[in-house]
Structure formats: structure tokens, C-alpha cells
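The values are calculated or read from the model by the stated rules, or taken from the named source; none is laboratory data. Computed from a prediction, not measured in an experiment: that's the story for all the values here. Cβ placement follows ideal geometry from the backbone for every residue including glycine, while neighbour counts extend to all protein chains displayed. To get the accessible areas, we keep the full protein, side chains included, count just its heavy atoms, and leave off ligands, DNA and RNA. Shrake-Rupley method; radii C 1.70, N 1.55, O 1.52, S 1.80 Å.
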Amino acid sequence: MDTLTNLGLGFQAALSFENLLFCLFGVSLGTFVGVLPGIGALATISMCLPLTFYLAPMPAMIMLAGIFYGAQYGSSTASILLNLPGSAPAAITCLDGYPMAQQGRAGVALFLTTIASFVGGSFSIILMIGFAPILASFAISFSSADYFSIMILALVAASTLSNGSFIKGIAMVGVGLLLGMVGTDISSGVARYTFGTVEISDGISLIALAMGLFGVSEILSNLMHGEHAVVDARAITFKSLIPTRQDMREFWPAAGRGSVIGAIVGMLPGTGPTIATFMSYSAEKRLSKNPEKFGKGAIEGISSPEAANNSSVQAAFIPTLTLGIPGDAIMAVMLGGMLIHGITPGPQLIVDNPVLFWGVIASFWLGNIFLLILNIPLIGVWVRLLTVPYHVLYPAMLFFICIGVYSVNNSTFDVLLTLMFGVIGFGMMRFNFPAAPLLLGFVLGPLLEENFRRALVLSHGDLGVFVSRPVSLVFLVLTLIILLASVPQIRGGLTRLIRGRDAINE
Amino acid sequence: MSRSNKKLGPFNGKHRSTGGEGCQRPVGWALRNPMWNMKAITKEQLPDLVACGLVGLFGLAAIWMGASYPVGSVTRMGAGFFPVAISAIVIGLAVAAAIETLMSETSRGTFKWRPLIFISVAILAWTQLIDTLGLIPSTFALILISGLAKQPFRPVSLILTATFLSVAGYLVFVLGLHMPLTLLGR
């Protein structure tokens, strides 16, 4: 078994002291920011990205990935105790988690969401071990045209499947693509959109952009709206964690279904954990014999989405590592981080750098085991974190944002850029322009353009190359289907407009 | 709140019918009445339209600048082709988003100048002080000014936070990562 040998190699690498340490650090930090509402995994990963420049690529990747999936474990805590999601995918956990807490079953909810996260994560890791090498060997024959079409699918899916207006979503992808073009054009050496400055001749700093759009703007938005409730940390005792037998009977099938849904959604380009949790929740509700208990503390209502959440997060590494195409904004930042470290994710990675590839995968499992320990016996520590007041938290976050961005190039210009994107990001949030598609567009922009240009060079300028290649055609057809599925929104809106106008004119 | 009650134009809620067969007018109707959307703009929608307009302006600026780069041919594409094509799409989508805004309700949370001003000033101050006065003064300026963004102002806890972060910043970034920062002064 080739895979098993490789996996053994991976575990050997992941079990080194340094890698274990950074894995533990990553998942702890991830849980920390996951528990705290108002700091997302994305802002944290971009904050830590400059720190990883001082590390070898492998511990760096292990740590950044640990933050990502660690945050998914932690994010259910605030949902259950405060009815306030620690991150967007955990919003659905509020629906049944908070009623459980009100019924005095917060401990059980915390325990089950952790187990569900572990089940979901493990499922996708196994899937990744079996599936990633096959996908990579298949993807080696992908041409530029195929890559172009996959990226188009990722960008369109990411902007249409999220909440809100898909027109605004795609518009933000376009803005992101344009921002990604800032700097020196790789093929011709022409400086584009640099305004003659040196600072952005290498392009806009990914870290400045991500920190502005997801760090500063988040702080601004939190300061404008509302206070956080305070939680009673003493209520969570070890004994209160233990579920009943009936709970477990409802738990397992739901967690299993959630894992499968999460894995499928996570593997698709452009779909993130948020969609996975929403899909699994509605699937559970539809499958349930008594759907009326949902929203009142149903075990299935927390188990399935939490399993789906972690399953999709782990599965999201499959397209990123094997194709080099990130599925959502967080993976886009991860991809950016890998490129900075000189790792080019893609079908070649598994061949050229098997120790890194398998080591990172092995670390996922170790990380998930760490998280199990961190989140069950130590849950009380994390719950106490929720008592940290926001007036201490946000100045500290600003400090880490400033010094983190500054440390990349020792340039205050990048910090000012962060401020600018923070204000822009706040405006976007206010007017419902989503920031995640922008970031995805920014990272994919240069790759998209390069593959588009290369495909047309190879086809001697024939645009038909995008539909004549079967792989490319399949992805373009999928894109079209997703776009058409969004059309009822337009049609519905149009009918409403005409009806409204009509009624007024009568 | 019913949308028609918010109209600035000559129409108000009493003209609104409950709908029915008479409402099924063809799309062409809207196109034949070019002024239809002018009357529909409400006070609430105006900022949203401005936002869409800004996206459109961004696209226009990008297309204008992009046009100065060599376009090349389809076989050998120049640096200008892709930016111009994407800019055109962005402009089109900005227009579409504006039309969509006119057809939908808008809702926004409260807006306060206070956080926006103090967070901006805090970051600006940090960028001005870090290279001249060093880590400690810039950290204190950042924390104390940003602390003004949220009422009530809590000087004691902010000073404690700033002290803690100065020490942590020194340990992690200067001792640990060897960043060329001074604690105080050049």
C-alpha cells in the first residue's frame, strides 16, 4: 500500500517535537478565537501569517491549518452559551444549542458538538487520504483551459451560494480580480494600477487586504452594534457534560449524515462551511419524524451541522492541496500563505513534496485529537474566556493587526492600506457587499488571468478551447447551472417590481 | 413597514392595490416608462445607490487606466486585455446591483461616527509613531485613542492593556522574531 507508506512517512514528520508544538499552538489559538465572538479564523490566520515567515513551511502550514479547524471547534461554544455565533458557520448551532442551554443542558450540547466536530473532521481526513492522491493524479492532465473553468466555477459558486445578493457577490469577485492585478504583470512586465509607486509594484499585500476587510471592519462593525451578554462560567461542570443514552441514539446518525454532507460541500470549489451547516440542518429537519422539535433543543439540530462544519473544513483542503484552487476566502489566505512559503499547491505537490503533503494531513488528525482533549476536559477554561470584556479585546486586536501587517515589510504604508481596506470593508458590510468573494477573487485573479492567457496562446486564439475540452466544459456547465439557479431571484424581483409599480399607478 | 409609504414621489400608500390579475404587466412596460425608477428612489435607498455608484466608479477608473496598457491580440494577449474585460463586467454588475436595490427593501444598523473616527486616528497615530518614537509610545497611543471609540472611556484598564501589550510585543516581536523596532526613541 503506497498510501499507507506515505501516511506513515507523514506521521513520522508530524510527530516531530517542533511540528507537534505548532500543531498544539495552532489548535489552541484556533479554539481561543473560535470561542470569542468577533474574531474570526480568517483575521487570525492573516494575523499569524507574518509570524510563520520565521518558520519552516511544514510547521507553518500545520499551525495555520490548526487555527482554521480549531476555530470550528471553538465557535459552537458562544453559540450555545450566548446565542451568539463565534463564527459564521456556527450561526446555525444557535438555533438548537441555545435552547438546550436554557433548559440547563449546555454541558451536553458542548460535549456533543465537540464529538460531532471530531466525527466530521475524522471522516473527511480519511476521505482525503483515499481521495486526494486519485484527484491529484487525475488533475495532472488538466490544461490551462480546465483550470480557468474550475476557477470560474469557484468564483461564481462562492458569490452566488452565500446569503444576500448574488449580483453584489459577483461584482465583488470582479473588484477582487482587479485588485489582484495591481502590480507588475508577470507575462509582460507592465506595471498596472501602481500609480507609479514602489510600495505596490509587487501587488497589494494579501495580509493588509485580509486584515482590513476582516479585522478592522469587523471591529468597527462590532463597536457600532450592541454589547455582548455575559455568561456564567460556573454552570459548566464536568458532570453536566454527560449525555443521556437517548441523546446518543439521536446523535450518531445525525453526525454521520452531517459528515457526508459536509465532505461533499467542502470538496466543491467555492462552497464553504457556512453552506454545509445550513444544508445539513435543513436536511435533518426534513428527515426528522418530528420536525417541530427543531429550534427547541433538538440533538440532531446541533450534531449534524457541527459534524458538517468540521467535515467541510477538512475536505476544503482537498481542492486547495491537489488542484491549488481554494474553495473559500480562508482557504484563499492559506493558499497565499503557502505561495509565500514557496510551496505551490497543485497536483505536483503530492509527488514533489510528499513529506509535506502527508505530514500536514497527519497533523490534522493529531490536531483533532488535541482538540478533543482541549474541548472536553478543559471546556471550563474556554467558557471563562467569554467573560473577557470587549473593551479590552478590541484595542488588543488592533495592536496585533498593526504590528502583524507592519512586520511583513517593516512598512507603515501597508498599515495605512489596512486602515483603508478596513473602512472600505465596513462600508461593504453596511451595504451588503460581501467581502469573502472579493478576497477569493483577489487571490485567484493572477492565476485566472495566467491560465486564460496561456489557454488562448495554446489554442492559437480560439475561444472554443473552453468548451471543446471535456473537463473544462463540465465545469462551465456546472457554473451555468449555478447561475441559472440564481435567476428566480431576478425573476421574482422583477415580478415584484412590475407588480409594485403597477399597483401604485392604478 | 410597507414600502410604498416611504416614497418621495407623488404616489403614496393609498394607491396600492392588493394585487391580482391586473398586475401581470409585461416586462416591456417598465422599459417603455423610462422615468419609472426615478420616482421609486426613497431616502433609505439613496445611500445604497451611492454605494453601487462607487463600485461603478471603481470599474470606470479601472477601465480608463487599463485602456492605457497594451491590449495585444487574442493569441498574444497584452497586459491591458484582462483588466479592461473585468472592469467592463464590474461596471455592468454595479448597474445591475443599483437596479436590484431599487426593487428591494433596504435595512441597515445604526451608524456612529465615534468608532470610525477614533479607530482611524488610532491606526494613523500608530503608523506615525512606530518609526519615530518606538514601540512603547506607539502602543500606548494606539490603545488609548482606540479606547475612545467605545463609551465609557476606561483609562485604567486601557493603560493596563497597553502595558501588557508593550511587554508582550517586545518579547514576541523584538526578542523572538528580531523585528527592527526600538522600544523608545529612534
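At a glance:
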| read-out | value |
| --- | --- |
| Enumerated helices (runs of 4 or more DSSP H) restricted to the range A:36-146, each holding at least 1 residues that are in contact (Cβ under 8 Å) with a residue 24 or more places away in the chain and farther than 28 Å from A:Leu398 by Cβ | A:57-82, A:91-102, A:106-139 |
| Test: residue in the range A:448-456 that is without any contact (Cβ under 8 Å) to a residue 12 or more places away in the chain and either within 7 Å of another protein chain (Cβ to nearest Cβ) or not aliphatic (A, V, I, L, M) (or both) | yes |
| Options A:Ser411, A:Ser407; residue that is polar (S, T, N, Q), open to solvent by 10 Å² or more (accessible area, probe 1.4 Å), at the interface with chain B (Cβ under 7 Å from one of its Cβ atoms) and touching a residue at least 24 places away in the same chain (Cβ under 8 Å) | A:Ser407 |
| Flag if A:Leu220 is open to solvent by less than 10 Å² (accessible area, probe 1.4 Å), at negative phi and facing chain B (nearest Cβ under 7 Å) | yes |
| Any helices (runs of 4 or more DSSP H) falling wholly within the range A:331-395 and containing at least 2 residues that are closer than 21 Å to A:Ile318 by Cβ, more than 21 Å from the chain's Cα centre (by Cα) and of a type in the set (D, E, K, R) | none |
| Answer from A:Leu473, A:Leu483, A:Leu447 - the residue that is at pLDDT 90 or above, under 23 Å from A:Gly174 (Cα atoms), touching a helix residue (DSSP H, G or I) at 6+ places or on another chain (Cβ under 7 Å) and open to solvent by 30 Å² or more (accessible area, probe 1.4 Å) | A:Leu473 |
| Hits in the range A:260-279 - residues which are within 15 Å of A:Thr93 (Cα to Cα) and modelled with pLDDT of 90 or more | A:Gly262 |
| Residues satisfying the stated conditions in the range B:129-156, i.e. more than 29 Å from the chain's Cα centre (by Cα), assigned to a helix (DSSP H, G or I) and surrounded by 14 or more Cβ atoms within 10 Å (Cβ to Cβ) | B:Leu135, B:Ile136, B:Pro137 |
| Among (1) more than 24 Å from A:Leu220 (Cα to Cα); (2) open to solvent by 20 Å² or more (accessible area, probe 1.4 Å) - the single one A:Phe32 does not satisfy | (1) |
| Which numbered condition B:Trp126 misses (of (1) closer than 29 Å to A:Lys168 by Cβ; (2) surrounded by 21 or more Cβ atoms within 10 Å (Cβ to Cβ); (3) of a type in the set (Phe, Trp, Tyr)) | (1) |
| Scan of the range A:174-207 for residues that are more than 9 Å from every other protein chain (Cβ to nearest Cβ) and assigned to a helix (DSSP H, G or I), ordered by number | A:Gly176, A:Leu179, A:Gly180, A:Leu206, A:Ile207 |
